[in-house]
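Right, one structure below, let's go through it.
The values are calculated or read from the model by the stated rules, or taken from the named source; none is laboratory data. Just so you know, these numbers come straight off a predicted model, no measurement behind them. Virtual Cβ from ideal backbone geometry, glycine too; neighbours counted across all protein chains shown.
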Amino acid sequence: MVRKRTVKDILAMKHDDAGISMLTAYDASMARLLDESGVDILLVGDSLGMVVLGYDSTVPVTMDEMLHHARAVGRGTKQALVVGDMPFGSYQVGVREAVVNGVRFLKEAGCDAVKLEGGQEMGEVVRALTRAGVPVMGHLGLTPQTAGQLGGFKVQGRDLASARRLIADARALEEAGVFALVLECVPGELARIVTGAVAVPTIGIGAGADCDGQVLVTNDLLGLFDKFTPAFVKQYLNLAPQIREAVAAFRNEVAAGVFPAAEHTFGSKVDFASILQDDQEEGSNG
Ligand code: KIV
């Protein structure tokens, strides 16, 4: 019997020897494969915008797009905790709107929690969401929704002032009630310090080995998204060339009339040729 992971399970994993594994998922069939492989958390990331929807950034992603994909992931998941990523604009405008949108992830898409980007300035929103019964995962360091303000897709916390700010942000988010923190693109040593400074698990992406867990974009891990690959990504498979090869083989076989072969074609005991005969006879009689 598979047991669904809970927020409490993830919190408790801070003290486990085994690290927390988190991967992104955007559809039911991939979610099912990842879930069956035993991943602890499936994140319906707003990276959806770039790896699935073809946008240049995560900024244009809407609530409706996120909910549509989150519902599909929920249908494919039995045991992993499912976290819905709050898209840009869905939680920055006001606390009330943030709560309304956070609740939609749980009520309409069946998510177990939401994730949002930002530090101390998000304290009030995190407090309001958790008060409303919506568990929140924080996201610090490189926050793609506001990458422009951070000077682009760059490693964060490289000087003492910004490192201190990041530690203060982590503590403020913990205090506000997050159950876990994503640390994206920060030096490994700083991630280790943050991990020791908070009681909630840290989940790193480009943040070294000393976080309590690791997250990757599944399409990067599988080599499915080869527009660019960040330096911190480990590609466990390189599917893009294999897909191109398989599709070219299909196209060539269709062009050559090799596919479908007899084994891909339904047979029948009925003598369909008699229909043609009947038609011919009707034609000659009429
Ligand atoms: O949207 C996303 O995929 C993310 C991960 C990179 C953490 O936020």
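Going by the structure shown, is VAL233 more than 20 Å from VAL83 (Cα to Cα) and either surrounded by 23 or more Cβ atoms within 10 Å (Cβ to Cβ) or within 11 Å of the ligand (Cβ to nearest atom) (or both)?
Details: more than 20 Å from VAL83 (Cα to Cα): yes; either surrounded by 23 or more Cβ atoms within 10 Å (Cβ to Cβ) or within 11 Å of the ligand (Cβ to nearest atom) (or both): yes.
Considered against the rule, which asks whether it is more than 20 Å from VAL83 (Cα to Cα) and either surrounded by 23 or more Cβ atoms within 10 Å (Cβ to Cβ) or within 11 Å of the ligand (Cβ to nearest atom) (or both), VAL233 comes out as yes.
Would you confirm whether or not segment 187-197 contains a residue that is at pLDDT 95 or above, within 15 Å of the ligand (Cβ to nearest atom) and either closer than 27 Å to THR6 by Cα or in contact with a Pro (Cβ under 6 Å, 6 or more places away or on another chain) (or both)? Before the answer, list the steps.
Start the filter on segment 187-197 by keeping residues that are at pLDDT 95 or above, which leaves 187-197.
Checking the rest, the ones that are also within 15 Å of the ligand (Cβ to nearest atom) come to 191.
Checking which are either closer than 27 Å to THR6 by Cα or in contact with a Pro (Cβ under 6 Å, 6 or more places away or on another chain) (or both) leaves us with 191.
Yes.
Please tell me if ALA273 is at pLDDT 95 or above, loosely packed, with under 11 Cβ neighbours inside 10 Å and at negative phi. It would help to see each step written out before you state the result.
Numbers: at pLDDT 95 or above: no; loosely packed, with under 11 Cβ neighbours inside 10 Å: yes; at negative phi: yes.
Taking the combined requirement at face value, the residue does not satisfy it.
Does VAL194 satisfy being under 22 Å from the mean Cα position of the chain (by Cα) and at negative phi? Write out each step before concluding.
Numbers: under 22 Å from the mean Cα position of the chain (by Cα): no; at negative phi: yes.
Answer is no for this residue.
Given the condition out of contact with any strand residue (DSSP E or B) (no Cβ under 6 Å at 6 or more places or on another chain), in the same structural domain as GLY84 (by TED's automatic domain parsing), within 16 Å of the ligand (Cβ to nearest atom) and charged (D, E, K, R), answer yes or no: does some residue in segment 140-155 qualify?
There is at least one residue in segment 140-155 that is out of contact with any strand residue (DSSP E or B) (no Cβ under 6 Å at 6 or more places or on another chain), in the same structural domain as GLY84 (by TED's automatic domain parsing), within 16 Å of the ligand (Cβ to nearest atom) and charged (D, E, K, R).
Return the pair list, or none, for Cβ contacts closer than 9 Å from residues in segment 28-53 that are at positive phi to residues that are more than 8 Å from the ligand (Cβ to nearest atom), at least 6 apart or on different chains.
Within 9 Å, the pairs are GLY38/SER21; GLY38/GLN79; GLY38/ALA80.
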